[in-house]
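Here is the structure we will look at, set down as structure tokens.
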């Protein structure tokens, strides 16, 4: 009986540790992740440069060929692309590095993770996309992203230009990529939602 208890206890610890690690990985921002943040005056799009437990550094948004001087102390609502979806949190600007073109915000304590895979995905839309310089067949698609079988290779975290069948073009970020001998299968997250046919 004691052995059964000990084995059960050890298994629970191992599985609990793995679950915690998986949750932490899902909340890890992608390298060079796309960022959208909203201040009291405007909404900006940017990139994550670095992050640690104390601060996250974004590329400063530009306007008319100069960096936007976002005030220190300004509160902002941030959306940062992560492995498991999008991290959403409120923070504030704690520094500006004008020469490097960076703004520094307080690191989030408990960012909320919005899983974009919760969006309705459709497999009934025959669609091909041009992802960067490679053509691909769509395996499934939602308004916010798609899974695409590509003739070439794309890296996770890479920003690509996606040409849609109706002639419209979108920026997107590769959030997953698996390779085989003839190409890759990637998941991409659109910069802005697309319109799907009824």
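The values are calculated or read from the model by the stated rules, or taken from the named source; none is laboratory data. Please read all numbers here as calculations on a predicted model, not as lab measurements. Quick reminder, even Gly has a Cβ in these numbers, built from the backbone with ideal geometry, and neighbours come from all protein chains shown.
Among the residues of segment 129-140, some residue qualifies, meaning at least one is more than 18 Å from residue 84 (Cβ to Cβ) and outside any strand (DSSP E or B). Screening 145, 132, 136 for residues that are in contact with a helix residue (DSSP H, G or I) (Cβ under 9 Å, 6 or more places away or on another chain), surrounded by 15 or more Cβ atoms within 10 Å (Cβ to Cβ) and modelled with pLDDT of 80 or more leaves exactly one candidate, 145. Taking residues in segment 180-198 that are modelled with pLDDT of 85 or more, and partners anywhere that are surrounded by 17 or more Cβ atoms within 10 Å (Cβ to Cβ) and assigned to a loop (DSSP other than H, G, I, E, B), the pairs with Cβ atoms closer than 6 Å and at least 6 places apart or on different chains are 186/154. Pairing residues of segment 142-163 that are under 22 Å from residue 126 (Cβ atoms) with residues that are part of a loop (DSSP other than H, G, I, E, B) and at pLDDT 85 or above, at Cβ distances under 7 Å and at least 6 apart in sequence or on separate chains, gives 149/183; 150/183; 151/183; 152/183.
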